[in-house]
Amino acid sequence: MSETAAVPTAPLRARAEIDLAALRANVRALRARAKGAALMAVVKSDAYGHGAVPCARAAVEAGAAWLGTATPEEALALRAAGLDTRVLCWLWVPGGPWRQAVEADIDVSLSGMWALREVMEAARQAGRPARVQLKADTGLGRNGCQPADWPELVREALRAEREGLVRVTGLWSHFACADEPGHPSIAAQLALFREMVAYAEEQGVRPEVRHLANSPATLTLPETHFDLVRPGIAMYGVSPSPEIGAPADFGLRPVMTLSASLALVKHVPGGHGVSYGHHYVTAGETTLGLVPVGYADGIPRHASGTGPVLVDGKWRTVAGRVAMDQFVVDLGGDEPPVGAEAVLFGPGDRGEPTAEDWAQACGTIAYEIVTRIGTRVPRVYVNGEEEG
């Protein structure tokens, strides 16, 4: 996706406006909540749909010391764009581009012996040591090394380090339920992480960073901050869960505003079916507005009949099914002009819905709402330059 320095004057079918000043302010607010730790800006999945390279640059400008990605392709794209900040990449499969990552000075996460063996071979081919971080499964049950297998992974990583093939730069893990205040797994995972780190350090590992805290832990669990925190969704001004608080409670502001231009406004009689299946039928004579985005653009089909949209100063609701490229709102007799703005979500300053409102309407989480916005929707970057 190309960067656009300013808002274009011609209306677009749809646009996702990305406020980089808000992102920088969010990074600073998160750093203030974790004063003793460095911050890793997680920019996986195209920065949760916001655009990885522009958001990574803005985060680094605001003091992020690390960048985090899931796939090696995401990490290598940051390097190709000229970003030389430390990058950790954690989702690998056999045969992955280990050598390219080693040569690009990317820190790679290892959860098992197969990965250690592959990165050692890549280091031999590259003629330089690989920077590796050992990930512990402290209870999430996804990636990460089980406690029973941890001694072997630590032992063999240290052997590879003595051979000059790797440098163990970090020890880390990930929470399962940090977004559920008081969940018993939080204390259990923290205790196990401390034990697994202590074991590795007793054996001779000297990590640069130990890290556990994701967005909710960064915001609410200071005892988990260690050397580095890894905020993802919070950096984009979205709360990890309503249970821990709204973005404003933490000094955060949503970064993305999704809007579209009405493609049609028309009068219809009462009893008129709307969209596929006629799950919505007009109660009386009314006006309908056509919003030219659909599930191909990432608008959840689950928003059929429930998704909120601000049009002409009022909240409207998706009328009938969301189609591939468009959906309809019942304007209740109002007649905004064709081309008028329909705001699906944003910070809420103008009374528009937020990504959390859409999540509630769809029975999902706000992460999914922003991340799924597709490539047909151009990202328009505003406030790209620091003032003063």
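The values are calculated or read from the model by the stated rules, or taken from the named source; none is laboratory data. In this text, all values refer to a predicted model and were calculated from it rather than measured experimentally. Glycine gets a Cβ as well: all are built from the backbone with ideal geometry, and neighbour counts include every protein chain shown. Side chains included, ligands, DNA and RNA excluded: accessible areas come from the protein's heavy atoms. Shrake-Rupley method; radii C 1.70, N 1.55, O 1.52, S 1.80 Å.
Key figures for this structure:
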{"quantity": "Identity of the residue in region 168-189, among the polar types (S, T, N, Q) and over 30 Å from Arg99 (Cα atoms), that ends up least open to solvent (accessible area, probe 1.4 Å)", "calculated": "Gln189"}
{"quantity": "Scan of region 86-104 for residues that are part of a helix (DSSP H, G or I) and of a type in the set (Val, Ile, Thr), ordered by number", "calculated": "Val102"}
{"quantity": "Residue satisfying condition, being open to solvent by less than 10 Å² (accessible area, probe 1.4 Å) and not basic (Lys, Arg), within set Leu140, Leu165, Leu192, Leu110", "calculated": "Leu110"}
{"quantity": "Any chance Gly82 is farther than 20 Å from Arg128 by Cα and open to solvent by less than 20 Å² (accessible area, probe 1.4 Å)", "calculated": "no"}
{"quantity": "Enumeration of residues in region 340-359 that are open to solvent by 30 Å² or more (accessible area, probe 1.4 Å) and either free of Cβ contacts under 8 Å to residues at least 40 places away in the same chain or assigned to a strand (DSSP E or B) (or both)", "calculated": "Glu341, Asp349"}
{"quantity": "Cβ-Cβ under 7 Å pairs, at least 6 apart or on other chains, region 241-270 side at positive phi, far side polar (S, T, N, Q) and open to solvent by less than 50 Å² (accessible area, probe 1.4 Å)", "calculated": "Gly245/Ser239"}
{"quantity": "Cross-chain or 6+ apart pairs with Cβ under 9 Å, region 51-67 first and more than 11 Å from Ala81 (Cβ to Cβ) and of a type in the set (D, E, K, R), then open to solvent by 30 Å² or more (accessible area, probe 1.4 Å) and part of a loop (DSSP other than H, G, I, E, B)", "calculated": "Glu61/Glu386"}
{"quantity": "Subset of region 220-229 [open to solvent by 10 Å² or more (accessible area, probe 1.4 Å) and either touching a residue at least 40 places away in the same chain (Cβ under 8 Å) or in a strand (DSSP E or B) (or both)]", "calculated": "Thr220, Leu221, Pro222, His225, Phe226, Asp227"}
{"quantity": "Residue count, region 16-55 (criterion: closer than 27 Å to Leu76 by Cβ and part of a helix (DSSP H, G or I))", "calculated": "16"}
{"quantity": "Whichever residue in region 85-107 is without any contact (Cβ under 8 Å) to a residue 24 or more places away in the chain and surrounded by fewer than 16 Cβ atoms within 10 Å (Cβ to Cβ) and, among such residues, is nearest to the chain's Cα centre (by Cα)", "calculated": "Val93"}
{"quantity": "Qualifying residue in region 274-284 (condition: assigned to a strand (DSSP E or B), in contact with a strand residue (DSSP E or B) (Cβ under 8 Å, 6 or more places away or on another chain) and without any contact (Cβ under 8 Å) to a residue 24 or more places away in the chain)", "calculated": "yes"}
